[in-house]
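Chemist: Take this structure first; my questions come after.
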Amino acid sequence: MAVDCKSIKPGVEVACLSDVGLQRTNNEDSYLYWEPESDQDLERQGRLAVVADGMGGYEGGQEASRLAVETVREVYRNAAADDPLRALTEALTAAHLNIQNYAMEHPELHGMGTTCTVVSVIDHRLFFAHVGDSRLYRIRAGSAARLTRDHSYVGRLVESGIVRSEDAESHPQRHILTAALGSGKDVEPDVPELPISLQKGDTLILCTDGLWSLVSEQELTRAVKTDTPAQACKALVKMALERGAPDNVTVLVLRISA
């Protein structure tokens with residue numbers, strides 16, 4: 001899903017890049033950037049960015065992540081704009097149900113699911129919702145802040161103090177998820193209590209674990225500090241590939257430019 005940078009309205013710079021990696025034969029990641037066509041709708045709905053990392057085998061993972069980003073876009077686009085967090089939550093819930101229904105219609109894809117991290121930027125306010133272990137970072141003034149927590153077995157160990165956060169990225173059980181769209185009866189996305197204020201120059205990074213497990217927060221910060229979003233995406237994916245890239249690698253970079 002390519003981003004047509006020429007069609008992006010002023011106020012942000014956006015770039016995305018996804019790579020199958022060096023040990024996989026298919027790419028189960030999906031990503032999306034969407035903004036309304038009219039300036040009036042842009043002011044009301046803002047800009048939408050999504051990253052999803054599918055699971056469930058060759059076709060199952062691909063279909064799950066595709067369904068997630070497409071459902072999120074459709075639900076958010078048609079939602080009332082007075083409560084963005086609610087719209088994002090409803091979009092992820094709808095994606096969860098769509099993936100489960102698809103799996104019921106295609107029994108050979110039983111077990112399909114996906115992570116999904118979705119953000120909406122309205123004016124200079126950031127809203128987000130999140131399920132799984134794809135991550136959202138905000139880079140400001142040379143410092144990275146991770147805004148999402150991993151819904152994973154290792155994430156729980158970190159939260160309980162059993163595993164140090166700096167060791168989580170390389171932990172052998174880091175891929176075991178405790179929540180995913182399409183998995184379990186219900187889904188409860190993480191959302192912030194209040195929108196997060198953004199400033200000119202702030203950069204948002206959405207990425208799958210194929211990137212964050214190989215590239216440090218310091219390296220993320222350096223890449224977006226010195227490069228355009230497109231150059232940063234290329235540099236970050238290149239780092240992951242140079243380090244073996246056993247998984248698919250996907251990154252979306254959105255910079256507030258006004």
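Chemist: Restricting to the stretch 48-77, and then to whatever is closer than 25 Å to residue 123 by Cα and among the basic types (Lys, Arg), can you tell me which residue is surrounded by the most Cβ atoms within 10 Å (Cβ to Cβ)?
Modeler: Only one residue fits best here, namely 73.
Chemist: Now a separate question. Considering each residue of the stretch 18-36, count those that are under 11 Å from residue 248 (Cα atoms) and in contact with a strand residue (DSSP E or B) (Cβ under 9 Å, 6 or more places away or on another chain), and give that number.
Modeler: Going through the stretch 18-36 one residue at a time, the tally reaches 8.
Chemist: Looking only at the stretch 193-216, decide whether some residue is over 30 Å from residue 61 (Cα atoms), of a type outside the set (Ser, Thr, Tyr), touching a His at 6+ places or on another chain (Cβ under 9 Å) and surrounded by fewer than 16 Cβ atoms within 10 Å (Cβ to Cβ).
Modeler: The first filter runs over the stretch 193-216 and keeps only residues over 30 Å from residue 61 (Cα atoms), leaving 193-202.
If we keep only those that are of a type outside the set (Ser, Thr, Tyr) as well, we get 193-196, 198-202.
With the extra rule that they be touching a His at 6+ places or on another chain (Cβ under 9 Å), the set shrinks to 198-200, 202.
Retained after the next criterion (residues that are surrounded by fewer than 16 Cβ atoms within 10 Å (Cβ to Cβ)): 199-200.
Yes, because at least one residue in the stretch 193-216 is over 30 Å from residue 61 (Cα atoms), of a type outside the set (Ser, Thr, Tyr), touching a His at 6+ places or on another chain (Cβ under 9 Å) and surrounded by fewer than 16 Cβ atoms within 10 Å (Cβ to Cβ).
Chemist: If I filter the stretch 78-124 down to residues being touching a strand residue (DSSP E or B) at 6+ places or on another chain (Cβ under 7 Å) and surrounded by fewer than 18 Cβ atoms within 10 Å (Cβ to Cβ), which single residue comes out as nearest to residue 191 (Cα to Cα)?
Modeler: Ranking the candidates gives 85 first.
Chemist: Can you work out which of the residues in the stretch 223-233 that are surrounded by 16 or more Cβ atoms within 10 Å (Cβ to Cβ) and over 16 Å from the mean Cα position of the chain (by Cα) is nearest to residue 14 (Cα to Cα)?
Modeler: Restricting attention to the stretch 223-233, the residues satisfying the condition of being surrounded by 16 or more Cβ atoms within 10 Å (Cβ to Cβ) are 223-224, 227, 229-230, 232-233.
With the extra rule that they be over 16 Å from the mean Cα position of the chain (by Cα), the set shrinks to 223-224, 227, 230, 232.
Working: 223: 14, 224: 12, 227: 12, 230: 7, 232: 11 Å.
Going through the qualifying residues, I end up with 230.
Chemist: OK, next. Can you go through 249, 224, 215 and tell me which one is over 18 Å from residue 48 (Cβ atoms), in contact with an Asp or Glu (Cβ under 6 Å, 6 or more places away or on another chain) and not acidic (Asp, Glu)?
Modeler: Details: 224 fails: in contact with an Asp or Glu (Cβ under 6 Å, 6 or more places away or on another chain); 215 fails: in contact with an Asp or Glu (Cβ under 6 Å, 6 or more places away or on another chain).
Result of the check over 249, 224, 215: 249.
Throughout, read-outs are computed from the coordinates displayed, never taken from laboratory work. Everything quoted here is computed from the prediction, not taken from an experiment. Positions of Cβ are generated from backbone atoms using ideal geometry, with glycine treated the same way; all protein chains shown enter the neighbour counts.
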